[in-house]
1. If you place +1 on the Cβ of every Lys and Arg, -1 on the Cβ of every Asp and Glu, and leave all else neutral, what size is the dipole of the chain about its Cα centre, to the nearest 20 Debye?
2. In straight Cα distance, which lysines are under 25 Å from Lys211, not counting same-chain residues fewer than 8 positions off?
3. What's the local net charge at Lys268, with K and R +1, D and E -1, over the other residues with C-beta under 12 Å away?
4. Arrange the peptides 9-17, 73-81, 137-145, 283-291 so that the one whose residues have, on average, the most other Cβ atoms within 10 Å appears first.
5. When the convex hull of the Cα atoms of the stretch 4-131 is projected onto a plane and the area is averaged over all directions, what value comes out in nm²?
6. Return the calculated 222 nm mean residue ellipticity for the chain, to the nearest 500 deg cm²/dmol, obtained by summing -39500 (n - 2.57) across DSSP H runs with n ≥ 4 and dividing by the residue count.
7. Pick from Gly217, Gly68, Gly272: which residue has the top mean-square fluctuation in a GNM of the chain where Cα pairs under 10 Å get a spring?
8. Quick one: of the DSSP bridges fully inside the stretch 137-277, what percent are antiparallel, nearest 5?
Amino acid sequence: MSKRLAIDIGYGDTKVCIASDKYLKFPTAISKQAESQADFAKPHGHIYNGIRYNVGKTASMDAVTTRGFDFLVKYSPLLAFHAFGEDIQGAELVTGLSIVNWNERQRYFDALSKIVVDDKVVIPSKIILLAQGQGVMNLYKGNATGLVCVVDIGYNTFDFLVFENGKPRADLSFATKQGTNKIITDLQSLIQKRYNFELSEQDVKSVFEKKEMQIYGDRIDLSDHISSQLDFYTDFVINEIKSKRLDIVKQANKVIFAGGGAYYLQGKRVPGNTVFTDKPYEFANVRGYYGHQ
């Protein structure tokens, strides 16, 4: 049997899983390395399409914007190689895609079918592509009879998937490009306008997590602004669900919240049949991908 690798390439972070209890993440950040004045350090990063790139945390400072689907198609091979290296060769690779982009899934599938990085060619033995949220359902161990809804709140997309007796109901599911990046880009604009300080989205994510930043060594507290935006966003999520699928939510056995955005819904006024997936919430999909039958 082929070894199995699972990867969830999000627009904020890439999550990987190599065993049921072994998973990690790194920023979905890519930047082109600038030419150095003197070559006195050992080269790092990866060569992809003839260009040397920084990937992950080292690329955060000047990372390219990651919200477009074209970015995902272009750089998914590089991110997958950064995650697994040559272990991809002959492996069964399980991954997912938001239903926002489901009609273009063949492009994503093709991009991962043959990976050429650092002059190495690695080819998975098989690629399994699932809809984002199916991993969450795979991980769910509760009662799956009747209707079960999965609310997967990612960085770029907000997916609402419906399952009936464990089977997907595509006709009742929907997704929007209204992920938690709304909070980050708002914070990015505020920092630029109020403090005349330009930061990449990846760096603003770090500011968001710390709720503060430093300028010339001075600590700037942004907790009030961030809390206000979080309240606005969580209200938006609940209202979006109610306006589009209130009838389904009322009939559902369970409504499962997952993804990195699920943390912000804790303690909020969510539907009475709500449960949260196992923590860490952001790894629910990739762990479910890994365990897919």
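1. Working: 36 positive and 33 negative charges, 147 e Å.
That gives the chain a dipole magnitude of about 700 debye.
2. Straight-line reach from Lys211, under 25 Å: Lys15, Lys25, Lys57, Lys177, Lys182, Lys193, Lys268, Lys279.
3. So the environment of Lys268 carries a net charge of -1.
4. 283-291, 9-17, 73-81, 137-145
5. Numbers: hull surface 32.5 nm².
Its Cα hull, projected and averaged over all orientations, spans 8.1 nm².
6. -10000 deg cm²/dmol
7. In the Gaussian network model the winner is Gly217.
8. That works out to approximately 65 percent antiparallel.
We did not get these values from a lab; they are worked out from the coordinates using the rules stated. What you see is a predicted model; the values in this text were computed from it and never measured. Note that we place each Cβ from the backbone using ideal geometry, even for glycine, and neighbour counts take in every protein chain shown.
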